[in-house]
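A short worksheet on the structure shown next.
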Amino acid sequence: MVAIFIIGFIVSMGLALALTPLVKKFAVKIGAMDTPNARKVHTRIMPRLGGLGIFLAFIITVAALLPFVSAWFTTRDMSFVSAFLIGGSIIVLIGALDDRFELSAKVKLLGQLVAAAVVVFGFNIRVDFVNIPFQDSYSSLEAWVSIPLTILWIVGVTNAINLIDGLDGLAAGVSGIAIGTIAVMSFLMGNMMIALMCLVLLGSIVGFLFFNFHPAKIFMGDTGSLFLGFSLAMLSMLGFKQIAVVSFITPLIIIGVPLSDTFFAIIRRAVQRKPIFSPDKGHLHHCLRELGFSHRQTVLIIYGIAAFFGVLAIIQSSAAMFEANWVTFVVICIMMFFLQVGAEVIGLVSKTRRPVINFLMRMRVKINPETRSKS
């Protein structure tokens, strides 16, 4: 069994290494190019569509391995794989069209909704439970709640990865770390189907990163960022479905970097009275660059943050297995506190508004005079 996982990773990585240069030539030929502008970091025209290499390496490897592993999978597992591949293909088609013709946000959103609807209605894949911290059993969800919740989850996570795709290797690396985290947890929980899908996808990402890490030779484009976002939404949603003691908060922690960046982007644009989908240069990677970090340093810092979220997710889920649900509460509180303070320090929402930091400074001023007066 172990050999299949190793082979899947190596084959998908090799395919990505072989296919990405061909995809680059294809992108140049059809004019799928990324032109620099005031919001973007790169300064020269670059081919995009690189996500097609990731997708092709993944889907070819999965198709080659299925005859050897289908006996391991249940009927529901095979249904999930089919939903993943068909929904992912729709997402890749939308992303590829956007990389070539620059579709409007509404058209892209419509395509994402179609892909999510195929998953939910075509294959009956949806979140039909929620395990809330401090409870030891499932809370079933009615269809009128679970269906829109699943569609919202898929579309939301898909766009979250798209929003952080601003530096060479950033979106691919962060997605790879999150997928690697899900793979580790799936192994620990005995979910071999999800583990195999994760390792195959991780291999294709690693192969693509040889061409995408700074200085990049090709961008993944919306083809890659939307597909990786869709993949994370599916894998994180299904990876822990059969584990009753795992809280629904676990997948949120795993993809904490893109979700938190998206959350702060929404808050920032609301504060500045701008449309939610309007692009800006206030994302995490932009702010770190403004602080003086180099391109590579910024990417590696965000990799570190993503890895930290991955470790938190493993700690939280491991504690939940032993019904130590108080750990979940502590992890969430610590995470939210440092997210807010970090966002204020680097100016994710506003360069001037720092409510938590100002509150802590006022508390410090009040405590210090009392300490001096007692002495």
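Observations, loosely collected:
- Residue order for 144, 153, 72 - accessible surface, 1.4 angstrom probe, largest first: 144, 72, 153
- For the residue pairs 274/366; 217/281; 24/108; 29/281; 29/217; 29/108, alpha carbon separations beyond 27 Å are given by 274/366; 29/281.
- Difference of contour (0.36 nm per residue) and Cα-Cα distance, residue 1 to residue 145: 48.0 nm
- Note on residue 79 and residue 187: the extension gain reaches 36.8 nm, defined as 0.36 nm multiplied by sequence separation minus the Cα-Cα distance.
- When the solvent-accessible area of the stretch 1-367 is split by element, carbon and sulfur atoms take up 71 percent of it, the probe being 1.4 Å.
- Residue 71-residue 93 pseudo-label distance in nm [points 7 Å out on the Cα-to-Cβ vector]: 3.6
- Nitroxide proxy distance, nm - points 7 Å out along Cα→Cβ at residue 104 and residue 293: 3.7
- Under-5 Å amide H pairs with residue 33, H placed in peptide plane, nonlocal only: 48
- Oblate is the label for the stretch 1-367. Its Cα gyration tensor axes, ordered a ≥ b ≥ c, give a/c of at least 1.5 and b/c at or above a/b.
The values are calculated or read from the model by the stated rules, or taken from the named source; none is laboratory data. Quick caveat: nothing in here was measured; it's all calculated off a predicted structure. Neighbour counts run over all protein chains shown; Cβ positions are idealised from the backbone, glycine included. The area values use the complete protein model at the heavy-atom level, side chains included, leaving out ligands, DNA and RNA. Shrake-Rupley method; radii C 1.70, N 1.55, O 1.52, S 1.80 Å.
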